[in-house]
Amino acid sequence: MCNFRNLFAGLVLTFISSSILAEGRAGYYGYGKPATPTEIAGWDIDIRADGQGLPPGSGSVEDGEVIYEAKCAECHGSFGEGVGQFPVLAGGTGTLNAQRPLKTVGSYWAHTSTLWDYIRRAMPFMQPESLESDEVYALVAYVLYLNDLVDYDYVMTQDNFTDIQLANREHFVPDPRPDVHNTRCMENCKNAEDIKIVSIVRRPEPAPAEIAVAAESKPHAGEKIYNQYCVICHKAGVAGAPKKGDAKEWNTRLEAGMAVVTEHALKGYTGKSGVMPAKGGFMQLTDEEVRQAVQYLVEPNK
Ligand code: HEC
Ligand code: HEC
């Protein structure tokens with residue numbers, strides 16, 4: 001059961017911390033401080049498939065066997081067979097099509113770099129990141145040996161690392177879903193410092209834009225707002241609301257003056273027939289929008 005959670009967490013944090021540094025100022029969102037190079041180095045421990053990120057060092061299968069017996073076998077078994085529910089590290093070749101595939105480093109994983117990264121980052125389970133580089137090289141070599149991928153006299157170094165190709169690598173494909181359609185940049189990529197934020201996602205505010213368009217093209221600026229916000233009560237006279245087009249009703253109310261009627265619509269009003277909530281209950285409306293809606297509402301119907 002290949003689990004890349006730790007690996008991804010590391011990659012994401014690396015990316016975030018380096019972009020904050022590139023930004024050159026603390027807290028784009030108003031908090032935090034630029035990460036120091038030492039802090040970044042502490043997170044920046046990912047190993048890529050081409051060996052990028054590997055520290056110098058080496059380790060033999062022979063040394064790996066000793067370390068593995070001391071630090072890994074209690075959970076993963078002396079032959080990588082897995083003790084109890086702990087993951088099996090070896091075997092399973094040819095089972096990926098089977099009803100119960102056995103996914104191991106040998107049968108399923110795509111890159112040796114994942115093994116290197118995983119062991120250094122997450123193992124032994126109770127002491128993650130406690131191993132020296134040479135120990136990790138030796139353990140990687142030994143897990144490969146348990147999978148019959150190298151001989152007992154094999155010594156892994158930073159230089160021969162990429163010689164080992166895992167069998168299943170061809171069957172991993174770039175994610176084809178449409179939300180990740182950008183081409184991955186693997187070389188000559190943009191300098192992070194040159195990347196500028198040109199826009200940020202804002203909360204959608206579609207209504208005012210529509211209203212502005214309506215205001216230009218329609219004879220009455222208030223019509224659109226009325227239809228969107230006031231119509232629910234004022235068309236049919238819901239809850240005692242005076243109906244649009246009821247000339248008698250509006251003429252009576254307008255005796256108090258347009259200013260008063262408008263003020264009631266803005267601030268809210270409880271009269272004889274019911275409750276007019278302030279702005280109809282839509283506090284996002286500007287005073288001007290409500291004013292326009294009132295003008296439209298009190299007009300006699302055409
Ligand atoms: C206390 C038990 C324990 C010890 C000791 C331990 N591991 Fe693990 N190991 C685990 C568990 C649990 C997982 C699965 C973690 C997960 O899925 O998040 C795991 C996962 C792994 C994996 C990934 C397996 C896969 O297919 O997903 C590798 C490789 C691995 N361990 C290597 C090692 C090595 C090398 C050592 C010795 C340095 C070691 N482990 C020591 C418990 C242990
Ligand atoms: C939830 C129902 C409701 C909504 C929505 C609503 N109104 Fe009203 N409105 C009322 C009621 C009820 C009254 C009558 C109150 C009374 O006179 O007792 C009223 C009265 C009014 C009056 C008359 C005030 C007066 O002084 O007589 C105006 C003007 C008005 N509304 C404008 C609006 C506008 C503009 C909107 C949309 C932005 C709106 N209303 C949305 C329920 C509503």
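The values are calculated or read from the model by the stated rules, or taken from the named source; none is laboratory data. Bear in mind the structure is a predicted one, so any value in this text is a computation, not a measurement. We place every Cβ from the backbone using ideal geometry, glycine too, and count neighbours over all the protein chains shown.
Can you tell me which residue in segment 157-186 is nearest to Leu146 (Cα to Cα), limited to those that are among the hydroxyl-bearing types (Ser, Thr, Tyr) and out of contact with any Asp or Glu (no Cβ under 7 Å at 6 or more places or on another chain)? So the residue we want is Thr157.
Screening Val290 with (1) part of a helix (DSSP H, G or I); (2) among the hydrophobic types (A, V, I, L, M, F, W, C); (3) more than 6 Å from ligand 2 (Cβ to nearest atom) gives one miss only, at (3). For Arg177, the conditions (1) in contact with a helix residue (DSSP H, G or I) (Cβ under 9 Å, 6 or more places away or on another chain); (2) exposed (fewer than 11 other Cβ atoms within 10 Å of the Cβ); (3) of a type in the set (D, E, K, R); (4) over 22 Å from Val61 (Cα atoms) are fulfilled apart from (1).
Residues in segment 226-242 that are under 10 Å from Leu297 (Cβ atoms), more than 6 Å from ligand 2 (Cβ to nearest atom) and hydrophobic (A, V, I, L, M, F, W, C): Val231 only.
Can you spot a residue in segment 2-13 that is part of a loop (DSSP other than H, G, I, E, B), in contact with a Phe, Trp or Tyr (Cβ under 7 Å, 6 or more places away or on another chain), at pLDDT below 50 and within 30 Å of Asp153 (Cβ to Cβ)?
From segment 2-13, those part of a loop (DSSP other than H, G, I, E, B) are 2-4; that's our starting set.
Checking the rest, the ones that are also in contact with a Phe, Trp or Tyr (Cβ under 7 Å, 6 or more places away or on another chain) come to 2.
From what is left, the residues that are at pLDDT below 50 are 2.
Still in the running and within 30 Å of Asp153 (Cβ to Cβ): 2.
Yes, because at least one residue in segment 2-13 is part of a loop (DSSP other than H, G, I, E, B), in contact with a Phe, Trp or Tyr (Cβ under 7 Å, 6 or more places away or on another chain), at pLDDT below 50 and within 30 Å of Asp153 (Cβ to Cβ).
Filtering Gly94, Gly59 for residues that are at pLDDT below 95 and either more than 10 Å from ligand 1 (Cβ to nearest atom) or of a type in the set (Ser, Thr, Tyr) (or both) leaves a single hit, Gly94. Specify the residue that is surrounded by the fewest Cβ atoms within 10 Å (Cβ to Cβ); the eligible residues are those in segment 88-130 that are of a type in the set (Lys, Arg) and in contact (Cβ under 8 Å) with a residue 12 or more places away in the chain. Among those that are of a type in the set (Lys, Arg) and in contact (Cβ under 8 Å) with a residue 12 or more places away in the chain, it is Lys103. Taken over segment 131-165, the criterion of being of a type in the set (Phe, Trp, Tyr) and surrounded by 14 or more Cβ atoms within 10 Å (Cβ to Cβ) is satisfied by Tyr137, Tyr142, Tyr145, Tyr154, Phe161.
Could you tell me which of the residues Ala247, Ala256, Ala265, Ala278 is modelled with pLDDT of 95 or more and aliphatic (A, V, I, L, M)?
Values: Ala247 fails: modelled with pLDDT of 95 or more; Ala256 fails: modelled with pLDDT of 95 or more; Ala278 fails: modelled with pLDDT of 95 or more.
From the options Ala247, Ala256, Ala265, Ala278, the qualifying one is Ala265.
Quick check: is even one residue across segment 258-271 assigned to a loop (DSSP other than H, G, I, E, B), assigned by TED's automatic domain parsing to the domain that holds Ile232 and either free of Cβ contacts under 8 Å to residues at least 40 places away in the same chain or in contact with a strand residue (DSSP E or B) (Cβ under 8 Å, 6 or more places away or on another chain) (or both)? Yes, that holds for at least one residue.
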